[in-house]
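Okay, so here's the structure we're looking at.
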């Protein structure tokens, strides 16, 4: 039977267990994804292997990891695309809880800082909105919060800045482009959100499993909005006079 | 008093709250919003990360008779569709709440920020779905569940509701028929917590992972159901498990993964290996859009009679609608076939077969308050029972979450304002800590996974879409045998993020649930809705009743509960019964 060799990173920092690698040999089935191989290990070889997963259908975004060094969803990556040796490591931008599980709670803290959807006072329920007006926001709403974009972002990984990160820019863009929303989030994104740190290397866009054009459609337009808002006094005056969001 | 206490033997943190909600899917989150708005101190715990609950996988839409597309639609037609397709086993009062409150809940979700697809006039668009008389499903492409959970999650995150995610509740405490609290452990911290509370809402979802072939995610092991049973709550309609007609079948890795009913709602047709559109023969009027139990049985029949596909399924074809339509309306379906099966659904046919999808049965609740027979213990969502009868319509589960999530949050909050906090004794806490830690302290522990897999294989093979006494008895014998084998299950390493430990706890719950399910299936000697007995075909009047299980000492007590007929004028325009 054909097999694949998995090299899985193990560690538990809180109890002083340093990083080591365990190797496992796993039989390969047609169409098998990496999460199947990890489940084989968990079910048959080592039930204590910590891995976060949930839907195994690329819907929930739980099983993000680095596969042969590339940030990917384990449930969406077929074994046959990676060859017969696969190294599986946790996401490196987050502190490790145990083995492949990282502590992503910081993302939930950032999410709380983003003002929620707030409908325009004049919007009467039920809303009347054209389909064409929802299409831009819709792209960002497919975000499954896997945090792969946060993981691959070198500003977050290496510079320890206060940059919110691509995932949260996507969230803000989804709210900003909601046709019924009335909040201006650009000041937040500029000051506390640190969007200026992003130098648009597009790594986040490259790893997004939902193919959201994070840099092109969320980050760059948000940067442009900030420029308009923060650096254009005349535009600002017009908006104040007319009471407009943009 | 959220301070850490040191008892003599074990460490645990005590948390005091008014309401503890178990489960952060649609029902749990909606309950939290409601209770919080009523000024009640609310805590929500979730086995997964926040926002990952099984609700996220809901695809096709949420049912509400808005009449945006078909103006003739109204709550009575929604009521009739739901009640009749549930083969008159549902609780008519709950169905009435569902049908009447649906529109308010959808528009409320829109005010919370959900962005539904629109009609040309700019209203919320509605698509056709199986056995709904009119086009009724409000949707966000085929990612409605994602939009729903993200919207509710954002709403809750901006309140002072306390959230504990990646947190396992292992025990609900009840004394003298009253809830006193619950306890469990944080997976990330590896620490025990005890919750002193006035009310507990179980919103922990269904039991889909009892089956090997399932569309359900990791969480659906029925933990809440099993804990409620142990706390004294009555469990009803356990035998009623929905098999969705269309799950993926190939490759083996994704076997059971859901293919949304939206594919058929948007014009997809079912074909056998001869290229015949067989639904024309079985259901000339509703065709592919008959109720799920009917279509699932037709698919099964085609496969069993040798007209199936290479991998043992039937074909589902939507390619005639063209790439543009498919990419807009069914993007997830395109992705999942492309990535997992290497099939381009804009050009090729999908291979599908029935998959375990939903549990209509669950914890019996009062239709008005959603409270169980245990004082202070509430349930809503898939964990509860009563709305869907013997068969659930597509789109009715998402609306169930919102309608009854809210109702349970509301009545639990009301309950809290009239009751005080109870004490949980140290002995009870110590006992529970000992029960959980024994799994990680055993020498030479037995791996729980192979046992769990055997249970799941048995359930899929013997308690599936067409059942009979012999198979069910084999399943029950296997469960009894498995029960005796779990005395030494366990896992190495500690409490902290240890999937093997959680599997041990889940396995006990699953065995409990499987036993009730199979006993119910043996008991119901008729075919009704999703429960099909080849040895007892046809619906029988003497079985127009619910089968109820309660705990009696260490055993199980079975009883029947009559079904009340709805007021006659609630039923409109459709035939009564099938």
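What the table below lists for this structure:
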| read-out | value |
| --- | --- |
| Residues A:109, A:66, B:302, A:187, sorted so that the one with the fewest Cβ neighbours within 10 Å comes first | A:109, A:187, A:66, B:302 |
| Along principal axes, Cα extents of the stretch B:208-358, largest first, whole Å | 53, 33, 26 |
| Residue exposure sequence - B:570, B:129, B:12 - by fewest surrounding Cβ within 10 Å | B:570, B:12, B:129 |
| Order by protection proxy (mean Cβ within 10 Å, highest first), peptides B:196-208, B:492-504 | B:196-208, B:492-504 |
| Exercise: per-residue mean of other protein chain Cβ atoms within 10 Å, A:41-50 | 6 |
| Helix axis angle, B:396-418 relative to chain B longest principal axis, alpha carbon, degrees | 30 degrees |
| Average beta carbon contacts from partner chains per residue of B:338-351, 10 Å cutoff | 1 |
| Extension gain from residue A:200 to residue A:157, taking 0.36 nm per residue of separation minus the Cα-Cα distance | 14.0 nm |
| Mean Cβ count within 10 Å, highest first, over the residues of peptides B:419-426, A:194-201, B:537-544 | A:194-201, B:419-426, B:537-544 |
| Theoretical ellipticity at 222 nm over the protein assembly as shown - DSSP helices of four or more residues, -39500 (n - 2.57) apiece, nearest 500 | -10000 deg cm²/dmol |
| Average partner coverage of B:210-220, which counts Cβ from other chains inside 10 Å | 2 |
| Alpha-carbon centroid distance for the pair the stretch B:37-91 / the stretch B:361-439, whole angstrom | 17 Å |
| Whole-Å distance, taken between Cα centres, linking the stretch B:170-220 and the stretch A:18-83 | 27 Å |
| Among B:290-296, B:171-177, the order from most to least packed when residues are scored by Cβ within 10 Å on average | B:290-296, B:171-177 |
| 0 to 90° range, to nearest 10: angle between helix B:26-37 axis and chain B longest Cα axis | 60 degrees |
| Shape category assigned to the protein assembly as shown from the gyration tensor of Cα positions, a/c cut at 1.5 | rounded |
| Rounded tilt (10° steps) of B:499-523 against the dominant C-alpha axis of chain B | 60 degrees |
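All of the numbers you see were taken from the coordinates with simple rules; none came from a lab. Predicted, not measured: the structure shown is a model, and the values here were computed from it. FYI the Cβ positions are ideal-geometry reconstructions off the backbone, even for glycines, and counts take in every protein chain you see.
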